[in-house]
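The values are calculated or read from the model by the stated rules, or taken from the named source; none is laboratory data. No experiment lies behind these values; they were computed from the predicted model shown. Quick reminder, even Gly has a Cβ in these numbers, built from the backbone with ideal geometry, and neighbours come from all protein chains shown. When the accessible area is computed, the model is the full protein with side chains, heavy atoms only, and any ligands, DNA or RNA have been set aside. Shrake-Rupley method; radii C 1.70, N 1.55, O 1.52, S 1.80 Å.
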Protein chains: 2
Amino acid sequence: MNTLRQLLPRLLPIAGWLPRYTVQRFGADLAASVVVAVLLIPQSVAYALIAGLPPQAGLYASTLPLLVYALLGSSMTQSVGPMALTSLMTASAIAPLIASGMTPQAAAAALALISGAALLGFGLLRLGFLTHFLSLPVVSGFTSGTALLIAAGQWHTLFADAASFGVIALALLVFSSDGLPRLLPGGRSSWLLARAAPLLALILLTVWAAWHGGISTLGSLPAGLPGWQWPAVTLEQARSMLLPAMLVGLVGFLQSITIAQTLALQRQETLQPDQELIALGASNIAAACVGGLPVSGGFSRTAVNAQAGAQTPLAGVMTAGWIMLAALWLGQWLALIPKAALAATIMLAAFKLLDWRMLRATWQFSRRDVAALVGTLLATVLLGAVEGVAIGVLLSLALFIYRTSRPQVVQLGRLPGSEHFRNVRLYEVETHPGVLLVRIDEQLYFGNTRHIESALTALLAEHGDVRDLVLVLSAVNDVDFSGADWLMRLQPILRTRGIRIHLAEVKARVRKQLERGHVLQALDGEVFLSSHQAFCTLATGHTPDYEI
Amino acid sequence: MNTLRQLLPRLLPIAGWLPRYTVQRFGADLAASVVVAVLLIPQSVAYALIAGLPPQAGLYASTLPLLVYALLGSSMTQSVGPMALTSLMTASAIAPLIASGMTPQAAAAALALISGAALLGFGLLRLGFLTHFLSLPVVSGFTSGTALLIAAGQWHTLFADAASFGVIALALLVFSSDGLPRLLPGGRSSWLLARAAPLLALILLTVWAAWHGGISTLGSLPAGLPGWQWPAVTLEQARSMLLPAMLVGLVGFLQSITIAQTLALQRQETLQPDQELIALGASNIAAACVGGLPVSGGFSRTAVNAQAGAQTPLAGVMTAGWIMLAALWLGQWLALIPKAALAATIMLAAFKLLDWRMLRATWQFSRRDVAALVGTLLATVLLGAVEGVAIGVLLSLALFIYRTSRPQVVQLGRLPGSEHFRNVRLYEVETHPGVLLVRIDEQLYFGNTRHIESALTALLAEHGDVRDLVLVLSAVNDVDFSGADWLMRLQPILRTRGIRIHLAEVKARVRKQLERGHVLQALDGEVFLSSHQAFCTLATGHTPDYEI
């Protein structure tokens, strides 16, 4: 019984916070829910358009998934719904299904279902670590590439009717979202006004367009609540969509977990990553069941939710309520929104995603990280959003492997008066003829043994008088079978040249590996605790007395 | 002029050895060429059958490619021709082309052409290091898997006519290749007899089959030299074949270079790996032009060539001459060889490829290496030879990456009386409350920062009184952008808990990376030369005087 009481809040986080719910918290959640709903209604419609879906799909995806997340999510402030990155990935992932005759909405729902099932599976198998392989440069390059694609995709809509209207819409939205907040004084009402300003600008543009006429609008939205539906998808389709669906899910999860972790840290709450996978997976399945599109937590909406004072996931439930009311009663008004005004909203959001800062930072850091960022960006723009993520991950892993395949191999000498050994090229150190200390700066594995052998051969050629070669393994963290085999084969070769191999600073794990590979048993030389011990013993014949 | 004289033997190795050719060498090369030709004639025919080609394709592939290799190769003893592994890969790679209506021989020639072009390109771009990613367990698993496939493929042929003939053929060949050599005394004539025994057995079986009748034979071989032909392959076909062709080429190159390097080492000759790529690439293009199949250097044939006394690649030219004579005049006799006898030869060769030793060795070594071996073996058997290699490489890289994503993070303490610091769990060491020394045993990169953070958090939770955290970076060889960014974000988090981060034993390269990532500039604590210096300074307030 006690175990159940401990376990239940982990499996069903709502069981942890609901019993302690208070009236104060209700007031805070209610206020936050209104602010977020005002933000979400135009955003959801806009993201549906990015995915190539009818506007109501975005609204539907902002209803049931929020209820499911409130039940299962471990973050107190996360707000889920359709997001820019995943919406563009959705457009790219469902294109083949649409080509084979599916309606866009059915295809998006199928994608949400498979993506949700994949996330659930990852959560149950504790595979959340897979997102660790989305490096910062890859995420940045992907985000910027997606932003460019989204902006380019809206260009035509923005200037379709009257160029002047497009320019005015863009200018007004830029002012309301960027200029106005800077002009306002501090304080809560200013903050609320700044949040509401883009919506007010959208309303203004809608009224103006209705007044003028000749500007094409969203057109009729079906009034009413989303109907329950189980996405019809064949096994063959599911298989062909599995990889894109997994990538959509992982990108969405990465977004969710990043913002949720930052906020949990600030608010000193704990977050369970695997529970978040399960919650997000279930939310996506819920999105599929109401004819929506893949959902995830988003930076801006979650930040707004937290800043507006949300205390518990009940804020999300209430947000879902407002959006259902909007779906019920606002359809005819939403229909009047000019397409160009929404395009301007989307374009603006896209430009904010462009990540110049990271490009500059990686540029200063290393060519490898710039290559990962730019490669991902180009792959995203040229090949598509799903392909972009996949290529980015593979590219960054390939660059990592390439780096590990060409490790530094440096000669060491003793810092005078100390027991420490450093690179002879960088420090004024003592060496001894006949004794060569060499540090290998990487695990020994199949990918780098031949590179290390070349580097060793070059060092031995420089020092023709060497009789004792000490391999200092302080930076070798792991030896695989090929690495151990290489050491075994190296020894007889050097023996014919009159050189003994010794080892120093061998970590416990590596020592075990070398034993299992029979390297230690076959070693001509000795295994020294430290470079210092090796140097003293081989150069002076005197062994320091701390040997253990 | 001098430069040309130095350069020419590198680009065209024949220019290096031909001017110094002697009559003694000619005699040795001639003798070796006869021994190798006797080995090659049945082998070439057998490997053609493995690839699903008419027997003459194997003979043709053993003519012009040997001449081209003699011109360009840098190994004095390498003998090229069709080999078991690449022949089975050929069968697997050309299956789609045959399905689309090409003849097997044309498809194999096209594969040899593309494979040769890829090797040439790798050689010119100095990409020979790609073979480093074929780890020993992968090569072993692939070889054993291929052996099983080859043996299974011959089963039906061996017992097609009369089970008794199959059994006798197998027994006779096993005796001639394994039993007889053990019974013979030492010495050169015994060695030659042992080499010739399998051929004699084959001749015996052929005579017997002709006598008895009712045993199906190879049937008519076209007499005469191979005709010159340029493989007809469309750009579309070339593109679809590129990956398999590259894998066939790399596996062939790996085989060639491994045996050539071993022999060069024994004979104190030098080998130029990139030149070998070029020579093997050109040899494959030559194979394509005479209607052969992909060729490579092989273990047994090259070893026999060297043991038979070959001094220069001219031995290969003469071997090619004997095989051309065989193609011209032996066709009618080769046609009489019973298919079952060749099947027995192939099966025997396949069983010798089975690599039990490596399976046992990796089994003792680590689960990771066993997984790579067994995974490659299964993929080869279940999915095919080309897929097997590709999956093996990806699997071993994935296992490597997984390992780097979960590094050891260990607390250090001082070995009493020394300046050395070791894992507190393994050694009796001194620690100091408030000061925590932690060694991170891997590069810091996007794949492992979160794992390291969890491990650090756990260590800090164990030691609630820590004020100074010293990250000992002796085993950190590289920091990427994500790693540096993680350190930047870690610092303010620990600062709120009253903990300062210090660094120790930072390698020069890592120091530069941390500077470029602005980590050093933002560091709350200090950068110490050694763990010893950090420990003394933080625990006792006294800094050792060797600071530089």
Placing a label point 7 Å from Cα toward Cβ, how far apart in nm is B:Arg489 from its equivalents in the other copies, listed shortest first to one decimal? 4.2
Once the mean of 1/r over all distinct C-alpha pairs in the protein assembly as shown is inverted, the Kirkwood radius in Å reads 33.6 Å
Charge tally in the Cβ shell below 13 Å around A:Glu430, where Lys, Arg are +1 and Asp, Glu are -1, A:Glu430 excluded: 0
Kindly give the distances from B:Gln261 to its copy-mates, label point to label point, with each label point 7 Å from Cα along Cα→Cβ, as nm values to one decimal ordered shortest first. 4.0
Shielded by partner chains, region A:487-514 residues - at least 30 Å² of accessible area, 1.4 Å probe, vs chain alone: A:Ile493, A:Lys507, A:Ala508, A:Arg509
For region A:409-540, what is the accessible area per residue in Å² when the probe is 1.4 Å? 36 Å²
Take each of the peptides A:187-196, A:116-125, average the number of other beta-carbon atoms within 10 Å over its residues, and list them starting from the highest. A:116-125, A:187-196
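Could you order A:His502, A:His542, A:His156 by accessible surface area, starting with the largest, using a probe radius of 1.4 Å?
A:His156, A:His542, A:His502
Using a 1.4 Å probe on protein heavy atoms only, how many Å² of accessible area do B and A hide from each other, summed over both chains and rounded to 100? Write out the running numbers ahead of the final one.
Numbers: alone 25760 and 25710 Å², together 45390 Å².
Buried surface at the B/A interface: approximately 6100 Å².
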Calculate how many DSSP beta bridges within chain A are antiparallel, expressed in % of all such bridges and rounded to the nearest 5. 50 percent
Order A:Phe299, B:Phe159 by their accessible area, 1.4 angstrom probe, all chains in place, largest first. A:Phe299, B:Phe159
For region A:319-380 and region A:483-501, write down the distance between their C-alpha centroids in whole Å. 58 Å
Residues losing 20 Å² or more accessible surface upon assembly, region A:463-477, compared with the chain by itself, 1.4 Å: A:Ser474, A:Ala475, A:Asn477
Options A:Leu247, A:Ser190, A:Leu225, ranked by Cα towards positive dipole end of region A:110-262, top entry (Cβ charges): A:Ser190
Hey, for B:Trp208 with labels 7 Å out along Cα-Cβ, what do the inter-copy distances come to in nm, ordered shortest first? 9.9
Here the whole-number average of other chain Cβ atoms within 10 Å per Cβ of A:531-539 is 1
Given region A:169-309 reduced to its alpha-carbon atoms as identical point scatterers, what log10 I(q)/I(0) does the Debye formula return at q = 0.17 Å⁻¹? -1.14
For region B:241-363, what is the accessible area per residue in Å² when the probe is 1.4 Å? 37 Å²
Explain nothing, just the number: dipole magnitude of the protein assembly as shown about its Cα centre with +1 on each Lys and Arg Cβ and -1 on each Asp and Glu Cβ, in debye rounded to the nearest 20. 420 debye
Give me the lysines in straight-line cross-link reach of A:Lys507: C-alpha distance below 27 Å, same-chain residues under 8 apart excluded. B:Lys507, B:Lys512
Run the dipole for chain B about the Cα centre, Lys and Arg Cβ at +1, Asp and Glu Cβ at -1, nothing else charged, and hand back the magnitude in debye, nearest 20. 720 debye
If you roll a 1.4 Å probe over the protein assembly as shown with all protein chains in place, what percent of the accessible area is carbon or sulfur? 64 percent
Would you tell me the mean number of C-beta atoms belonging to other protein chains that fall within 10 Å of each C-beta in A:352-365, as a whole number? 2
Gap separating the Cα centres of region B:194-221 and region A:196-270, nearest whole Å: 75 Å
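Let me know the volume per residue of the alpha-carbon convex hull for chain B, in Å³. Could you put the intermediate results ahead of the total?
Working: hull volume 122.8 nm³, N = 548.
About 224 Å³ per residue, rounded to a whole number.
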Give me the accessible area per residue for region B:12-141, probe 1.4 Å, as a whole number in Å². 30 Å²
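Please figure out what share of the DSSP beta bridges in region A:409-540 is antiparallel and state it in percent, rounded to the nearest 5. Could you put the intermediate results ahead of the total?
Details: 9 of 22 bridges.
Counting only bridges with both partners in region A:409-540, antiparallel ones make up about 40 percent.
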In nm, give the distance between the simple-model label positions of A:Trp208 and A:Glu430, each being 7 Å from the Cα along the Cα-to-Cβ direction. 8.1 nm
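Let's see if you can work this out: charge +1 on each Lys and Arg Cβ, -1 on each Asp and Glu Cβ, no other charges. What is the dipole magnitude of region B:409-540 about its Cα centre, in debye to the nearest 20? List each step's numbers first, then the result.
On the way: 15 positive and 16 negative charges, 43 e Å.
So the dipole magnitude of region B:409-540 works out to roughly 200 debye.
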To check my understanding: the extent here is largest minus smallest coordinate of the Cα atoms along each principal axis. What are those three numbers for region B:409-540, in Å, largest first? 38, 30, 25
Reduction of at least 50 Å² in accessible surface, 1.4 Å probe, comparing all protein chains with the chain by itself, residues of region B:374-404: B:Phe400, B:Ile401, B:Arg403
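Expressed as cubic angstrom per residue, what is the convex hull volume of the alpha carbon set of region A:69-194? Before the final figure, lay out each step's value.
Numbers: hull volume 24.3 nm³, N = 126.
About 193 Å³ per residue, rounded to a whole number.
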